[in-house]
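Novice: Sharing a structure here in structure tokens format.
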Amino acid sequence: MMQLALEVGQTAQPEAIMFWILGPMAVVAALGMLLVKKAVHSAILMAFVMVILAIFYIAQDAVFLGIVQVVVYTGAVMMLFLFILMLVGVDSSDSLTETIAGLRPIAITAAVGFGGLMVSLLGRATLGRQATGLSAANADGNVQGIAKELFSTYVFPFEVVSALLITAAMGAMVLAHHQRTTVRPTQRQLSINRFRGETLASAAGLPGPGVYARHNAVDVPALLPDGTPAPTSVNASLEARGDMLDYKSFDLSEVNTQIVEEK
Amino acid sequence: MNAANYLYISALLFTIGAVGVVVRRNAIVVFMCIELMLNAANLSFVTFSRINGNLDGQVMAFFTMVVAACEVVVGLAIIVTIYRSRRSASVDDASLLKR
């Protein structure tokens, strides 16, 4: 271990520099993924880790995989994640309180144990062995080399994987298919519900957001005749996101009515 | 530089991903942590491919990527279906079998 550390510390190869800059960044970004509250921020940190991994692949003579990593992971998979996040709602932030008592200390202890085991195992298993390098295997080019392997030794797994892809696409279509369990209400039914329902409060449609002397955007509730705010006048998703403003800050008594004369 | 350093990073990323799967409760974040674990495994495949000097490791990493893409498609479809019926993407809310 000590020898390894010395060896790494003394090499001034460009790869070592790249590794010692990007490696800690990847670990920090992965840790941030666990710690940030909003799922969108997690997704962006994850994309960052994936780009760093792509650079690592290219640095290790796996050019094809590096490009595929950028195209498939950061391009397709992460965009799919962000797309689903938008669909499910950006407000789906995780509350970081633990529901199962003592889960977090146990998880962290287990992780430290597991990580320590892996690292010590690696330190014992690979110490003193130099990498062969891929210059011989990549002699005809990396893509050609992988193609040769893929279409000779691994041709049967390759075919199985294509079946898997088709099955996954079918599965996603079946799962995302929405079957209506109730009859869609007709225009007539909607109208009857509106006027012959329990209350006539929403018969004329929902109230619009508040219009104040200093603010007339959609994020402030309107005031009812008795001076209380009307919660239905603000879009529910704005409310869920916490973007609703307090109407009190636009109250007339708060407004500075002193006239400043311009000279 | 010793190529084994990439293996240490890979082990660390895998461990972080495993902690995330246990600790986080948003199903999408749990899913991203699984992706992180798969990526960490891929990094060690690529590194071992370099250490051993043949391309089998890279082909394996390629297959892992394909399987991960399938898994993301089906998993996200499941999350959307659960969200549609329960209006929640938290893994703790899907506990109907417990009661």
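The values are calculated or read from the model by the stated rules, or taken from the named source; none is laboratory data. All values reported here derive from a predicted model rather than from experimental measurement. Glycine gets a Cβ as well: all are built from the backbone with ideal geometry, and neighbour counts include every protein chain shown.
Novice: Quick one: in region A:228-242, of everything that is of a type in the set (Gly, Ala, Ser) and in a helix (DSSP H, G or I), which residue is nearest to A:SER202 (Cα to Cα)?
Specialist: Start the filter on region A:228-242 by keeping residues that are of a type in the set (Gly, Ala, Ser), which leaves A:230, A:233, A:236-237, A:240, A:242.
When the remaining residues are screened for being in a helix (DSSP H, G or I), the result is A:233, A:236-237, A:240.
Values: A:SER233: 11, A:ALA236: 16, A:SER237: 19, A:ALA240: 21 Å.
The residue in question is A:SER233.
Novice: Kindly indicate whether A:ASP219 is assigned to a loop (DSSP other than H, G, I, E, B), away from chain B (no Cβ under 11 Å), surrounded by 10 or more Cβ atoms within 10 Å (Cβ to Cβ) and charged (D, E, K, R). Reasoning before the result, please.
Specialist: Values: assigned to a loop (DSSP other than H, G, I, E, B): yes; away from chain B (no Cβ under 11 Å): yes; surrounded by 10 or more Cβ atoms within 10 Å (Cβ to Cβ): yes; charged (D, E, K, R): yes.
Yes: the conditions hold for A:ASP219.
Novice: Moving to a separate point now. Taking the stated definitions as given, is A:GLN189 of a type outside the set (Ser, Thr, Tyr), within 11 Å of chain B (Cβ to nearest Cβ) and assigned to a helix (DSSP H, G or I)? Give the steps one after another, and end with the answer.
Specialist: On the way: of a type outside the set (Ser, Thr, Tyr): yes; within 11 Å of chain B (Cβ to nearest Cβ): no; assigned to a helix (DSSP H, G or I): yes.
In short, no.
Novice: So B:VAL74 passes all but one of these: (1) in contact (Cβ under 8 Å) with a residue 60 or more places away in the chain; (2) surrounded by fewer than 23 Cβ atoms within 10 Å (Cβ to Cβ). Which condition number does it fail?
Specialist: Of everything listed in (1) in contact (Cβ under 8 Å) with a residue 60 or more places away in the chain; (2) surrounded by fewer than 23 Cβ atoms within 10 Å (Cβ to Cβ), B:VAL74 misses just condition (1).
Novice: Next question. For region B:2-11, enumerate the residues that are part of a helix (DSSP H, G or I) and touching a residue at least 12 places away in the same chain (Cβ under 8 Å).
Specialist: Step one: list which residues in region B:2-11 are part of a helix (DSSP H, G or I), which gives B:4-11.
Of everything in region B:2-11, those that are part of a helix (DSSP H, G or I) and touching a residue at least 12 places away in the same chain (Cβ under 8 Å) turn out to be B:ALA4, B:TYR6, B:LEU7, B:ILE9, B:SER10, B:ALA11.
Novice: Another one. Given the conditions (1) at the interface with chain B (Cβ under 10 Å from one of its Cβ atoms); (2) part of a helix (DSSP H, G or I); (3) farther than 23 Å from B:VAL46 by Cα, and given that A:HIS178 satisfies all but one, which numbered condition is not satisfied?
Specialist: Among (1) at the interface with chain B (Cβ under 10 Å from one of its Cβ atoms); (2) part of a helix (DSSP H, G or I); (3) farther than 23 Å from B:VAL46 by Cα, the lone unmet condition for A:HIS178 is (2).
Novice: So which residues in region A:50-78 are at the interface with chain B (Cβ under 10 Å from one of its Cβ atoms), under 12 Å from the mean Cα position of the chain (by Cα) and of a type in the set (Val, Ile, Thr)?
Specialist: A:VAL77
Novice: Of all the residues that make up region B:79-90, how many are surrounded by fewer than 17 Cβ atoms within 10 Å (Cβ to Cβ) and either in a helix (DSSP H, G or I) or among the acidic types (Asp, Glu) (or both)?
Specialist: Final tally of qualifying residues: 4.
Novice: Out of the residues in region B:51-62 that are at the interface with chain A (Cβ under 7 Å from one of its Cβ atoms) and crowded, with 19+ Cβ neighbours inside 10 Å, which is nearest to A:ARG180 (Cα to Cα)?
Specialist: Going through the qualifying residues, I end up with B:PHE62.
Novice: Follow-up question, since we're still on this one. All but one of (1) in contact with a His (Cβ under 9 Å, 6 or more places away or on another chain); (2) over 30 Å from A:LYS37 (Cα atoms); (3) modelled with pLDDT of 80 or more hold for A:LEU224; state the number of the condition that does not hold.
Specialist: Result: A:LEU224 passes all but (1).
Novice: Still on this structure, I have one more. Among (1) in contact (Cβ under 8 Å) with a residue 12 or more places away in the chain; (2) within 28 Å of A:VAL112 (Cα to Cα); (3) within 7 Å of chain A (Cβ to nearest Cβ); (4) of a type in the set (Val, Ile, Thr), which single condition is B:ILE79 missing?
Specialist: B:ILE79 satisfies all of (1) in contact (Cβ under 8 Å) with a residue 12 or more places away in the chain; (2) within 28 Å of A:VAL112 (Cα to Cα); (3) within 7 Å of chain A (Cβ to nearest Cβ); (4) of a type in the set (Val, Ile, Thr) except (2).
Novice: Sticking with this one: May I ask you to say which residue of B:VAL66, B:VAL30, B:VAL22 is within 13 Å of the chain's Cα centre (by Cα), more than 7 Å from chain A (Cβ to nearest Cβ) and farther than 27 Å from A:TRP20 by Cα? Explain how you work it out, then say what you get.
Specialist: Details: B:VAL66 fails: more than 7 Å from chain A (Cβ to nearest Cβ); B:VAL22 fails: more than 7 Å from chain A (Cβ to nearest Cβ).
Every option except B:VAL30 fails the conditions.
Novice: Ok, one more. Can you confirm whether region B:39-48 contains a residue that is closer than 28 Å to A:LEU134 by Cβ, free of Cβ contacts under 8 Å to residues at least 24 places away in the same chain, at the interface with chain A (Cβ under 7 Å from one of its Cβ atoms) and hydroxyl-bearing (Ser, Thr, Tyr)?
Specialist: The answer is no, given that none of the residues of region B:39-48 is closer than 28 Å to A:LEU134 by Cβ, free of Cβ contacts under 8 Å to residues at least 24 places away in the same chain, at the interface with chain A (Cβ under 7 Å from one of its Cβ atoms) and hydroxyl-bearing (Ser, Thr, Tyr).
Novice: Picking from A:LEU164, A:LEU245, which residue would you name as being outside any loop (DSSP other than H, G, I, E, B), surrounded by 15 or more Cβ atoms within 10 Å (Cβ to Cβ) and under 34 Å from the mean Cα position of the chain (by Cα)?
Specialist: Values: A:LEU245 fails: outside any loop (DSSP other than H, G, I, E, B).
None of the others qualify; the one that does is A:LEU164.
Novice: Looking at (1) under 30 Å from A:LEU80 (Cα atoms); (2) at pLDDT below 85; (3) out of contact with any Asp or Glu (no Cβ under 7 Å at 6 or more places or on another chain), which is the one condition that is false for A:ARG241?
Specialist: All conditions are met except number (3).
Novice: Identify all residues within region A:35-57 that are without any contact (Cβ under 8 Å) to a residue 12 or more places away in the chain and surrounded by 19 or more Cβ atoms within 10 Å (Cβ to Cβ); write none if there are none.
Specialist: Matches in region A:35-57: A:SER42 only.
Novice: Is it true that B:CYS70 is farther than 30 Å from A:GLY133 by Cβ and in contact with a Lys or Arg (Cβ under 7 Å, 6 or more places away or on another chain)? Write out each step before concluding.
Specialist: Numbers: farther than 30 Å from A:GLY133 by Cβ: yes; in contact with a Lys or Arg (Cβ under 7 Å, 6 or more places away or on another chain): no.
Judged against the criteria, B:CYS70 is not a match.
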